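See below for the structure under consideration.
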Amino acid sequence: MPAKGVVMPLFRKKVDLFGILSEQSVKTLEGMYALEKYIQAPAEDLAKKVFDIEREADSVRRTLIDELNKTFATPIDREDLFDLSREIDDIIDYGKSTVDEMQLLEIKTNPHLVKMTGLLVKATLEIKDAVGRLKENPNISNEHALRAKKLENQIELTYRDALKDLFNGTDVVGMMKTREIYRHLSNAGDRVDGVANLISGIVVKTA
């Protein structure tokens with residue numbers, strides 16, 4: 001019960017769900033930049049930065065989910081907002097797992113890892129721009145989503161080239177370990193594609 005004389009608001013303050021989602025995509029891009037620096041020159045402080053940003057991105061996602069649970073009317077389908085947030089979260093989660101396993105398995109960096117991560121940064125930048133434009137400029141948002149998909153195709157091609165070179169070696173154990181790292185980055189690329197598809201679907205629904 002409110003204290004006597006205190007007037008409770010009839011309605012909750014309107015929450016900018018698109019703004020929170022955009023903040024999550026910005027954090028994810030920060031994480032990808034940090035991952036790129038780590039891949040270029042692995043170091044403990046750079047690994048920690050990836051882990052810290054991943055936790056910050058998780059916090060933003062929890063805020064979004066909390067607001068979704070408390071908001072009756074959402075600007076687009078509730079499920080689409082939730083799925084977008086989940087797929088964006090998976091991108092940075094795979095970035096974190098890449099660093100985790102490189103440290104655990106003692107995997108050194110190589111040109112394929114550097115190239116894949118660089119493409120991931122570019123693709124995540126397109127995702128960030130797509131999410132940021134989704135509310136006010138859906139058609140432009142879709143253009144960024146399509147660019148992200150093209151970059152994901154490049155990530156997949158680089159992944160295949162990396163596997164081809166990897167299995168020309170003779171160190172079977174090392175090959176298996178390195179393949180796991182490649183798979184994490186390829187999976188991150190798949191999530192980029194998933195986000196882009198969701199955005200294009202939302203644009204079609206709201207046209």
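The values are calculated or read from the model by the stated rules, or taken from the named source; none is laboratory data. The structure presented is a predicted model; accordingly, all values stated were derived computationally and were not measured. Every residue, glycine as well, gets a Cβ built from its backbone with ideal geometry; the counts of neighbours run over all protein chains shown.
Some values worked out for this structure:
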quantity: In region 151-177, residue nearest to Ile107 (Cα to Cα) [restricted to those that are touching a helix residue (DSSP H, G or I) at 6+ places or on another chain (Cβ under 8 Å) and among the β-branched types (Val, Ile, Thr)]; calculated: Thr158
quantity: Top-ranked residue in region 16-65 [being of a type in the set (Asp, Glu) and more than 26 Å from Leu134 (Cα to Cα); ranked as surrounded by the most Cβ atoms within 10 Å (Cβ to Cβ)]; calculated: Glu36
quantity: Which listed residue, of Leu46, Leu21, Leu84, is touching a Lys or Arg at 6+ places or on another chain (Cβ under 8 Å), modelled with pLDDT of 95 or more and within 21 Å of Leu125 (Cα to Cα); calculated: Leu46
quantity: Check on Val173, touching a residue at least 60 places away in the same chain (Cβ under 8 Å), among the aliphatic types (A, V, I, L, M) and part of a helix (DSSP H, G or I); calculated: no
quantity: Where Ala207 falls short, out of the listed (1) modelled with pLDDT under 95; (2) in contact with a helix residue (DSSP H, G or I) (Cβ under 7 Å, 6 or more places away or on another chain); calculated: (2)
quantity: Hits in region 91-106 - residues which are buried (at least 18 other Cβ atoms within 10 Å of the Cβ) and over 15 Å from Ile53 (Cβ atoms); calculated: Met102
quantity: Sole exception among (1) under 20 Å from Tyr33 (Cα atoms); (2) surrounded by fewer than 20 Cβ atoms within 10 Å (Cβ to Cβ) for Leu151, by number; calculated: (2)
quantity: Residue match in region 159-167 (condition: at pLDDT below 95 and either hydroxyl-bearing (Ser, Thr, Tyr) or not in a helix (DSSP H, G or I) (or both)); calculated: yes
